[in-house]
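A.B. asks: Please find one structure pasted underneath; my questions will follow.
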Amino acid sequence: MNRRVVEQGLKDRFFPIIARIIEDSQLETPGFVPRERILGQLMKEPEAKNRLGKTKAGNIIDWFSAHFTMHKHGDTRFLRWGPIFNQFERAEIEGQTAYKPISFNAIGIFPDEVNEKAGFLEGATRKVLVNAFERDPRACQRCIDVYGTNCFICGFSFGSVYGKVAEGFIHVHHLRELAEIRKEYLVDPIRDLRPVCPNCHAVLHCRKPAYSIEEVKKFLKVN
């Protein structure tokens with residue numbers, strides 16, 4: 001297989017994982033997350049440990065840094081990862097590149113190519129400081145590919161209102177609540193997921209069980 005194709009596949013797979021590591025780190029120690037800490041956490045990921053090894057994992061983190069720089073300087077070759085890079089700011093701390101989220105708790109949109117009929121395992125519990133549920137970024141991106149980045153309920157577009165800095169930002173709502181599943185299940189991004197703005201997402205979860213998409217749409221019409 002062509003080396004460039006292999007490298008691109010590695011970036012598509014592991015750049016979202018690096019982004020998730022940076023965000024998860026905020027739960028323990030808010031602030032910039034240095035390269036070595038990212039590497040340490042990446043090597044705890046079974047896929048990275050078995051597939052990459054420490055040297056190649058370090059290379060992927062360095063690719064992340066290099067592409068981050070070129071994207072910020074307007075290089076259009078790296079637009080596919082722009083939604084990831086745009087979530088973070090970077091600094092040099094004690095000789096190491098370090099990152100922190102521009103807006104913590106933002107739900108990122110991660111680019112990846114997936115088969116239209118593919119399903120994704122979600123709901124696998126992992127321990128951070130609290131129990132969180134892994135949400136496969138490929139499934140979220142497939143949802144966005146189909147439904148777009150406008151809110152499925154109210155039609156709000158971050159890009160239209162805030163411009164380029166927020167273009168492509170959106171939450172993804174799981175119609176089936178992961179907290180009720182407690183195990184892995186096969187999610188269909190088209191059937192099970194919808195893009196929603198943070199306001200509508202909050203309203204959906206104002207009740208347990210969550211309101212349906214149609215119920216919240218009716219709230220908008222009433223008010």
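The values are calculated or read from the model by the stated rules, or taken from the named source; none is laboratory data. All figures in this text were calculated on a predicted structure; none of them were measured in a lab. In this analysis, Cβ positions are derived from the backbone assuming ideal geometry, glycine residues included, and neighbour counts consider all displayed protein chains.
A.B. asks: Can you name the residue in segment 160-192 that is among the basic types (Lys, Arg) and in a helix (DSSP H, G or I) and, of all such residues, is modelled with the highest pLDDT?
C.D. replies: Arg191
A.B. asks: Let me ask something else about it. Mind listing whichever residues of segment 191-220 are in contact (Cβ under 8 Å) with a residue 60 or more places away in the chain and surrounded by 14 or more Cβ atoms within 10 Å (Cβ to Cβ)? Walk me through how you get there before you give the answer.
C.D. replies: Here is the first cut: in segment 191-220, the ones in contact (Cβ under 8 Å) with a residue 60 or more places away in the chain are 213, 216-217, 220.
Passing the criteria: Ile213, Val216, Lys217.
A.B. asks: Could you say whether any residue in segment 59-74 is outside any helix (DSSP H, G or I) and either in contact with a strand residue (DSSP E or B) (Cβ under 8 Å, 6 or more places away or on another chain) or crowded, with 17+ Cβ neighbours inside 10 Å (or both)?
C.D. replies: Within segment 59-74 (the criterion being outside any helix (DSSP H, G or I) and either in contact with a strand residue (DSSP E or B) (Cβ under 8 Å, 6 or more places away or on another chain) or crowded, with 17+ Cβ neighbours inside 10 Å (or both)), the answer is no, since none of the residues qualifies.
A.B. asks: Hey, Tyr147 hits all of (1) at pLDDT below 90; (2) touching a strand residue (DSSP E or B) at 6+ places or on another chain (Cβ under 9 Å); (3) closer than 20 Å to Cys197 by Cβ but one; which does it fall short on?
C.D. replies: (1)
A.B. asks: Out of everything in segment 47-62 that is at pLDDT below 90 and under 19 Å from the mean Cα position of the chain (by Cα), what residue ends up being farthest from Glu94 (Cα to Cα)?
C.D. replies: Glu47
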